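Undergrad: Could you have a look at this structure, given as structure tokens, before my questions?
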Amino acid sequence: MDLRQFLMCLSLCTAFALSKPTEKKDRVHHEPQLSDKVHNDAQSFDYDHDAFLGAEEAKTFDQLTPEESKERLGMIVDKIDADKDGFVTEGELKSWIKHAQKKYIYDNVENQWQEFDLNQDGLISWDEYRNVTYGTYLDPDDGFNYKQMMVRDERRFKMADKDGDLIATKEEFTAFLHPEEYDYMKDIVVQETMEDIDKNADGFIDLEEYIGDMYSHDGNADEPEWVKTEREQFVEFRDKNRDGKMDKEETKDWILPSDYDHAEAEARHLVYESDQNKVGLTRPKQSSNGPSLSLGDCLKNSY
């Protein structure tokens with residue numbers, strides 16, 4: 001199946017899925033829990049293991065001997081010390097935990113990287129991405145508007161490309177594919193969402209557009225209870241200024257809420273448990289003043 005057929009099929013499948021009268025589309029991006037384990041160090045360190053390693057990677061440690069676990073953890077702790085100053089800060093640990101929790105995203109990028117990096121230079125240019133994704137499927141007579149899709153992709157690519165050279169590093173390409181994960185990409189996520197839902201193109205999302213994005217009457221007069229609840233949510237919480245519609249900021253609050261930062265809380269917890277002198281730093285290597293409890297030791301001792 002070529003690209004044109006695939007995209008058309010995908011669009012039809014999406015339209016069919018959205019036409020189901022009781023199926024709800026959820027556009028809200030929530031930060032997931034770091035683990036489904038109970039966070040109680042007095043019972044076990046399973047939550048910390050999942051948070052620090054990622055749930056899947058943590059499972060592999062169950063197959064290792066205590067000595068192998070400690071050795072591998074020691075190497076990981078050295079990687080966390082990004083500036084190689086001999087200390088792990090709360091910020092460095094938070095970044096590591098976020099990276100471990102987003103492994104599925106980085107795996108997705110790795111799977112696509114070779115497909116788009118045509119000249120194998122370790123970078124992906126906009127021309128490379130455009131040619132692979134759209135190729136010659138830009139016939140203006142096509143019923144499906146590929147040019148409009150390409151313009152939207154180019155806008156997002158440029159937003160992800162911080163230095164403006166239209167060439168993406170792996171991190172920039174990750175931001176392009178998964179913009180909801182990056183603070184500097186949030187405006188484009190909001191803009192694309194509003195373009196999808198704002199059918200009358202007035203720059204706002206009214207109540208019927210909001211409901212219509214997640215529910216189709218499809219000839220049914222009676223709405224499910226969850227639709228009635230969503231109507232109430234729109235009036236009471238989404239439309240903060242009570243003008244009957246959501247503007248850009250209200251839409252942002254809806255789809256990108258300021259959730260509790262689980263990674264930050266876990267980083268603070270691990271540093272506190274490891275930081276003997278309580279200065280906000282923990283040393284991953286043995287101190288010249290003799291043995292001390294380090295982040296590495298804290299994690300190693302839990303195995």
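The values are calculated or read from the model by the stated rules, or taken from the named source; none is laboratory data. Bear in mind that the values here come from a model prediction, so they are computed numbers and not experimental data. Remember, those area values only see protein heavy atoms, side chains included, never the ligands or the DNA or RNA. Shrake-Rupley method; radii C 1.70, N 1.55, O 1.52, S 1.80 Å.
Undergrad: Name the aspartates and glutamates eligible as straight-distance cross-link partners of LYS94: C-alpha to C-alpha under 12 Å, and not fewer than 8 places from it in the same chain.
TA: Here the aspartates and glutamates satisfying the reach criterion relative to LYS94 are ASP81, ASP261, GLU264, GLU266.
Undergrad: Can you tell me the accessible area per residue over the stretch 85-238, all protein chains present, probe 1.4 angstrom, in square angstrom?
TA: Computed with neighbouring chains in place, this is 54 Å² per residue.
Undergrad: Among the listed pairs LYS147/LYS252; LYS199/LYS245; LYS37/LYS79; LYS199/LYS240; LYS186/LYS248; LYS102/LYS186, which have their C-alpha atoms separated by more than 23 angstrom in this model?
TA: LYS147/LYS252; LYS37/LYS79
Undergrad: Once phi is turned into ³J(HN,Hα) by the Karplus curve 6.51 cos²θ - 1.76 cosθ + 1.60 with θ = phi - 60°, what whole-Hz value does each residue of the stretch 65-71 show in order, with x for glycine and proline?
TA: Residue by residue, the stretch 65-71 yields 6, x, 5, 5, 4, 5, 5 Hz.
Undergrad: Could you give me the ³J(HN,Hα) list for the stretch 202-208, computed from phi with Karplus coefficients 6.51, -1.76, 1.60 and θ = phi - 60°, whole Hz, x at Gly and Pro?
TA: With the stated coefficients, the stretch 202-208 comes to 9, x, 9, 10, 8, 4, 5 Hz.
Undergrad: Decide, for the stretch 18-131, between rounded, prolate and oblate: order the square roots of the alpha carbon gyration tensor eigenvalues as a ≥ b ≥ c, take rounded if a/c falls under 1.5, and otherwise choose prolate if a/b is larger than b/c, else oblate.
TA: Oblate is the answer for the stretch 18-131, as a/c is 1.5 or above yet b/c matches or exceeds a/b.
Undergrad: From the phi angles alone, apply the Karplus equation (6.51, -1.76, 1.60; θ = phi - 60°) to the stretch 174-185 and give each ³J(HN,Hα) in whole Hz, x where the residue is Gly or Pro.
TA: Rounded to whole hertz, the list is 5, 5, 5, 6, 10, x, 5, 8, 10, 4, 6, 9.
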